[in-house]
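The block underneath contains the structure these notes are about, expressed in structure tokens.
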Amino acid sequence: MSYVYQNIESLPTPCGEILITDPSGKKCRFSVRKSLFNIDYLLFEGTENEEAVNTDTNYTLILETKDLVIGELYEIRLLGAPLHYGTGDDRTVAVAGTACGYSIAIGAYDPNDYEKIDQLCDASRNCTGLEYDKSNFTEYDIEMLLDYSGFSFCLLDRSVDKIYFDVAWIKNEHEDSSAYESAVGFWTT
């Protein structure tokens, strides 16, 4: 595996810096490689302005779990630009935003997504409030931060060696930033 950056404390982007912190706010070290998911995205698909785009800044952030404490709450976030709910897919979710002429997204894989959906359905059928029973969760628990700037996560066991987050950004060449946010959301989920 070839790294773009190794053992860094933050990833600078045109929209701000991405960092991972422990419960005390101390920066955690991580590595970065080019994303393996590098497919063109069609902007304005089905219109006369349809255009295939890609970006050189499509990365996977890799955090070694040996450096994490089981049960501690960590955060990955973008500092410098506001984000919002981006998109989601099967077991993945992203936060996205646009600032300084670029659109950016941070995506996360949720290994417990199906269990959360099952519990949500049970709570809905039984007309009860929902507080997840994490006894059946594995690997790590991940949740979107309330301000959408990233995610909080908690290592639950030692069954995985690494936790991965995807990040991509692209320069907005047209006024419609939502199209570019869709592109970076596509690459990170």
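No lab work stands behind these numbers, since they all come straight from the coordinates. A quick note: this is a predicted structure, and the numbers were derived from the prediction, not measured. For neighbour counting, all protein chains shown are included, and Cβ atoms are generated from backbone atoms with ideal geometry for every residue, glycine included.
Count the lysine pairs in the chain whose Cα atoms sit under 17 Å apart, keeping only pairs 8 or more residues apart in sequence or on different chains. Mind showing how you got there, number by number?
On the way: K26/K66; K27/K66; K27/K162; K34/K162; K66/K162; K116/K134.
Close lysine pairs under the 17 Å cut-off: 6.
Principal-axis analysis of the Cα atoms of the chain puts helix 177-188 at an angle of about 50° to the longest axis.
Note down the magnitude of the dipole of the stretch 39-110 about its Cα centre, charges +1 on Lys and Arg C-beta and -1 on Asp and Glu C-beta and zero elsewhere, to the nearest 20 debye.
Numbers: 3 positive and 13 negative charges, 74 e Å.
Charge dipole, the stretch 39-110, about its Cα centre: 360 debye, nearest 20.
About its Cα centre, what dipole magnitude does the stretch 28-69 give when the only charges are +1 on Lys and Arg Cβ and -1 on Asp and Glu Cβ, stated in debye to the nearest 20?
540
Springs join every pair of Cα atoms under 10 Å in this Gaussian network model of the chain, and among Y114, Y59, Y102 the largest mean-square fluctuation is at Y114. In this structure the amide hydrogen of Y102, modeled in the peptide plane, comes within under 5 Å of the amide hydrogens of N172, none closer than 5 places in sequence on its chain.
Listed highest first by mean packing, meaning other Cβ atoms within 10 Å per residue, what order do 49-57, 15-23 come in?
Values: 49-57: 13.4, 15-23: 18.8.
Top to bottom by mean Cβ count within 10 Å: 15-23, 49-57.
Taken about its Cα centre, the chain carries a charge dipole of roughly 720 debye when the Cβ of each Lys and Arg holds +1 and the Cβ of each Asp and Glu holds -1. Taking the chain as a Gaussian network of alpha-carbon nodes connected by springs under 10 Å, the highest mean-square fluctuation of the residues D67, D89, D133 belongs to D133. Extension gain, E9-I70: 0.36 nm per intervening residue step, less the Cα-Cα distance, totals 19.9 nm. Nearest 10 degrees, 0 to 90: what angle lies between the long axis of helix 113-125 and the longest principal axis of the chain (Cα atoms)? The angle comes out at about 70 degrees. Think of the chain as a dipole: +1 on every Lys or Arg Cβ, -1 on every Asp or Glu Cβ, centred on the Cα centre; then among P12, G150, L42, P12 lies furthest on the positive end. Hey, if you put +1 on the Cβ of every Lys and Arg and -1 on every Asp and Glu Cβ in the stretch 12-150, which of N112, C28, L63 ends up farthest toward the positive end of that dipole? Result: C28.
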